[in-house]
1. When you go through GLY104, GLY75 one by one, which is the residue that is touching a Lys or Arg at 6+ places or on another chain (Cβ under 7 Å) and either of a type in the set (Phe, Trp, Tyr) or modelled with pLDDT under 95 (or both)?
2. If you take the residues in the stretch 128-158 that are over 18 Å from the mean Cα position of the chain (by Cα) and among the β-branched types (Val, Ile, Thr), which one is farthest from ASP82 (Cα to Cα)?
3. Return the residues of the stretch 153-180 that are crowded, with 17+ Cβ neighbours inside 10 Å and farther than 21 Å from GLU132 by Cβ; say none if nothing qualifies.
4. What is the number of the single condition among (1) under 16 Å from the mean Cα position of the chain (by Cα); (2) surrounded by 14 or more Cβ atoms within 10 Å (Cβ to Cβ); (3) not small (Gly, Ala, Ser) that VAL87 does not meet?
5. Would you please list the contacts, defined by Cβ atoms under 8 Å and residues six or more apart or on different chains, that run from a residue in the stretch 107-127 that is touching a residue at least 40 places away in the same chain (Cβ under 8 Å) to a residue that is surrounded by 15 or more Cβ atoms within 10 Å (Cβ to Cβ) and assigned to a helix (DSSP H, G or I)?
6. Using the structure shown, decide if LEU136 is more than 20 Å from VAL58 (Cα to Cα) and surrounded by 12 or more Cβ atoms within 10 Å (Cβ to Cβ).
7. Among the residues of the stretch 39-61, which ones are assigned to a loop (DSSP other than H, G, I, E, B) and either more than 20 Å from LEU112 (Cβ to Cβ) or of a type in the set (A, V, I, L, M, F, W, C) (or both)?
Amino acid sequence: MSDSTWVSTSVPYLKPRAEGQSDAWGEEAAARGGKGGQRITHAGEVSAPVDVAGLLGVTAGETVVVRRRIIELDGEPCELTDTYYPVGIARGTRLAGTGKIRGGAVTLLAELGHVGVRVREDVTARMPDTEEREALCLATNQPVIRLNRVTLDRDDQPIQVDMMVMPAHRQQLRYEIRIG
């Protein structure tokens, strides 16, 4: 892939996939001539960090389910993503395991009866911590973009929180807003 800046939009990652369709990241990478993949570094129940608890509407320290992943493009790390779920939704499901989920987690959530209808994203920039810098192969002077996304269902209840960290120099986030 000749262009080192990745232009990404959130919409494909928010809709359940049709049966037999690959995950959104694999499809997006393939459309740009690359190979998208991910490594799940941890999955299971954890105590909710303060920032996650606030987004999920639970008490800090309450049990939630997390899937920690290193997102890769052509075998190179390009994003760190921790996705959190309320334990009542994810306990005992494939969301709590390290196996690949056909069609992605959003598709599985829909199969479980949890469909997102509203999303809120907050984007900030900062310097990475040591662990992030090493995982993303960044120099000490390269900042990251942090995108926090909360997905809410039709009852305005949070069903998923994504905490993503991406190298700032390799990302462009695109938001399209239709008015009227």
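1. On the way: GLY75 fails: touching a Lys or Arg at 6+ places or on another chain (Cβ under 7 Å).
Of the residues listed, the single one that is touching a Lys or Arg at 6+ places or on another chain (Cβ under 7 Å) and either of a type in the set (Phe, Trp, Tyr) or modelled with pLDDT under 95 (or both) is GLY104.
2. THR140
3. Once the filter is applied, which keeps residues that are crowded, with 17+ Cβ neighbours inside 10 Å and farther than 21 Å from GLU132 by Cβ, the stretch 153-180 yields ASP153, PRO158, ILE159, GLN160.
4. Every condition holds for VAL87 apart from (1).
5. LEU109/ILE89; LEU109/LEU95; HIS114/ILE89; VAL115/LEU109; GLY116/VAL106; GLY116/LEU109; ALA125/ALA168
6. On the way: more than 20 Å from VAL58 (Cα to Cα): yes; surrounded by 12 or more Cβ atoms within 10 Å (Cβ to Cβ): yes.
Answer is yes for this residue.
7. Our first condition is that a residue be assigned to a loop (DSSP other than H, G, I, E, B); within the stretch 39-61, this holds for 48-49, 57-61.
Once the filter is applied, which keeps residues that are assigned to a loop (DSSP other than H, G, I, E, B) and either more than 20 Å from LEU112 (Cβ to Cβ) or of a type in the set (A, V, I, L, M, F, W, C) (or both), the stretch 39-61 yields ALA48, PRO49, VAL58, THR59, ALA60, GLY61.
Listed here are the residues, each with its yes/no results for (1) surrounded by 15 or more Cβ atoms within 10 Å (Cβ to Cβ); (2) of a type outside the set (Val, Ile, Thr); (3) more than 23 Å from LEU138 (Cα to Cα); (4) modelled with pLDDT of 70 or more.
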position: ALA18; (1), (2), (3), (4): no, yes, yes, no
position: ASP23; (1), (2), (3), (4): yes, yes, yes, no
position: LYS35; (1), (2), (3), (4): no, yes, no, yes
position: ALA43; (1), (2), (3), (4): yes, yes, yes, yes
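The values are calculated or read from the model by the stated rules, or taken from the named source; none is laboratory data. Since this is a predicted model, take the numbers as computed values, not measurements. Cβ coordinates were reconstructed from backbone atoms using ideal geometry, including for glycine residues, and neighbour counts include every protein chain displayed.
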